[in-house]
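Here's the structure we're looking at; comments come further down.
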Amino acid sequence: MLIAKKWIYAKAFSGYPTAENFRLEEETLGELKEDEILAEAIFLSVDPYMRPYMGQYPVGTVMIGGQVAKVVKSKNSKFPEGRFIFGNFGWRTHTICNPSVGDFRAKPYVLPDFGEVPLSLGLGVLGMPGNSAYFGFLEICKPKECETVVVSGAAGAVGSLVGQIAKIKGCTVVGITGTDEKCEWIKNIGYDYAINYKTQDIKAELKKAAPKGVDCYFDNVGGTTTEIVRGQMNTFGRISVCGIISSYNEERAKVFDPQRDFVGKQLKQEGFVVSRWNARWMEGIEQNLKWIQEGKMKYRETITEGFENMPDAFIGMLKGVNIGKAIVKV
Ligand SMILES: NC(=O)c1ccc[n+]([C@@H]2O[C@H](COP(=O)([O-])OP(=O)(O)OC[C@H]3O[C@@H](n4cnc5c(N)ncnc54)[C@H](OP(=O)(O)O)[C@@H]3O)[C@@H](O)[C@H]2O)c1
């Protein structure tokens, strides 16, 4: 008999999450049925989407989320014992599931061979955030050489990769992020300019960093930052709307009227949900892995030790403690 630990959404979020929103419980797991596997979590992801998405679930649900897990028992030949998988199993240490059942979100996949790089990257650059950067930037912004690209949330899981892909494509890249340490780091990984949105005048700094205006904007944050960047976009600029984290913990988001810039500058803006590229998922992972192996892409993780610390890791990520991808190691 195996006891799984799981984090329950104990109280509805209101503003920033706190410890009282979560409750740790145990669950006794039974025997495997035909085609089922038992997966043991090794690394778990804490991501911004969990904050708004949990609003769709009733209190008492297991917290949603992805994990890199090891198949420890298997009655499914496609998922042999010992293999490492990615699964959206939620915040739980052990899971029994039939990996062939359900929609794309429910179905785990066997991770490709990462070679020398850590398995935890299956939650970051070699997983959903990496593919958000790869597809969300290249397919929507369609950057051209010598163009100027601005990235908000630039030191995070997605943003830190978008800037590097923009450099690979020959662009000038400006990153906007929340601490001086993050500004230093993004310049170390290739960003040409870094702006600290908490201490600097974004409008004035962006004018200096992008004197010819902005051609592409990859937006992770929304709000005031986005209003300022949009004001400095060039005619026929492209905006990829990845996320709006500045509003996730607000009870009421401020509303701006972006229409003037859209009409006057004939901008193109497109939002995306990364699952749009499910059919090409492995292409993103393989390309990002290749860039890492060629030394063209750097990654960073902020790893919290211990399953019992998942709420702290989640709250910390929403408050900007992480540089690169926020991960929990069981
Ligand atoms: N569309 C999709 O399919 C998709 C997929 C993945 C992610 N996303 C979105 O992409 C964005 C980034 O996700 P991620 O996983 O890469 O997270 P992340 O950037 O690694 O972590 C979140 C970061 O957001 C920043 N932040 C927090 N509050 C902020 C605020 N009020 N204003 C500006 N920045 C704030 C913090 O950095 P600072 O220190 O810089 O403030 C924090 O470190 C999120 O909006 C997420 O929802 C969308």
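Out of Pro48, Pro52, I need the residue that is buried (at least 21 other Cβ atoms within 10 Å of the Cβ), within 16 Å of the ligand (Cβ to nearest atom) and within 20 Å of Leu123 (Cβ to Cβ). Which one?
Values: Pro52 fails: buried (at least 21 other Cβ atoms within 10 Å of the Cβ).
Matching residue, one of Pro48, Pro52: Pro48.
Do you know which of the residues in the range 266-284 that are under 30 Å from Val229 (Cα atoms) and among the aliphatic types (A, V, I, L, M) is surrounded by the fewest Cβ atoms within 10 Å (Cβ to Cβ)?
Only one residue tops the list, namely Val273.
I'd like to check which helices (runs of 4 or more DSSP H) are fully inside the range 105-209 and have at least 1 residues that are modelled with pLDDT of 95 or more and closer than 23 Å to Asn278 by Cβ.
On the way: elements: 128-141, 159-168, 180-188, 202-209.
Fully inside the range 105-209 and qualifying: 128-141, 159-168.
Out of (1) away from the ligand (no atom under 11 Å from the Cβ); (2) touching a strand residue (DSSP E or B) at 6+ places or on another chain (Cβ under 6 Å), what's the single condition that is false for Gly231?
(2)
Just give me the residues in the range 207-224 being within 15 Å of the ligand (Cβ to nearest atom) and crowded, with 21+ Cβ neighbours inside 10 Å, in sequence order. I'd like the intermediate steps shown before the answer.
So the first thing to find is which residues in the range 207-224 are within 15 Å of the ligand (Cβ to nearest atom), and the list is 217-224.
Result: Tyr217, Phe218, Asp219, Asn220, Val221, Gly222.
Yes or no: the range 276-285 includes at least one residue that is closer than 22 Å to Asn188 by Cβ, within 16 Å of the ligand (Cβ to nearest atom) and in contact with a helix residue (DSSP H, G or I) (Cβ under 9 Å, 6 or more places away or on another chain). Explain how you work it out, then say what you get.
Here is the first cut: in the range 276-285, the residues closer than 22 Å to Asn188 by Cβ are none.
Checked the range 276-285: no residue is closer than 22 Å to Asn188 by Cβ, within 16 Å of the ligand (Cβ to nearest atom) and in contact with a helix residue (DSSP H, G or I) (Cβ under 9 Å, 6 or more places away or on another chain).
When the residues of the range 296-330 are filtered to those that are hydroxyl-bearing (Ser, Thr, Tyr) and surrounded by 19 or more Cβ atoms within 10 Å (Cβ to Cβ), which remaining residue is nearest to the ligand (Cβ to nearest atom)?
Going through the range 296-330, the residues hydroxyl-bearing (Ser, Thr, Tyr) turn out to be 299, 302, 304.
When the remaining residues are screened for being surrounded by 19 or more Cβ atoms within 10 Å (Cβ to Cβ), the result is 299, 304.
On the way: Tyr299: 12, Thr304: 13 Å.
Only one residue fits best here, namely Tyr299.
The values are calculated or read from the model by the stated rules, or taken from the named source; none is laboratory data. Just so it is clear, the structure is predicted and the values come from calculations on it, not from any experiment. Reconstructed Cβ throughout: ideal geometry from the backbone, glycine too, with neighbour counts over all protein chains shown.
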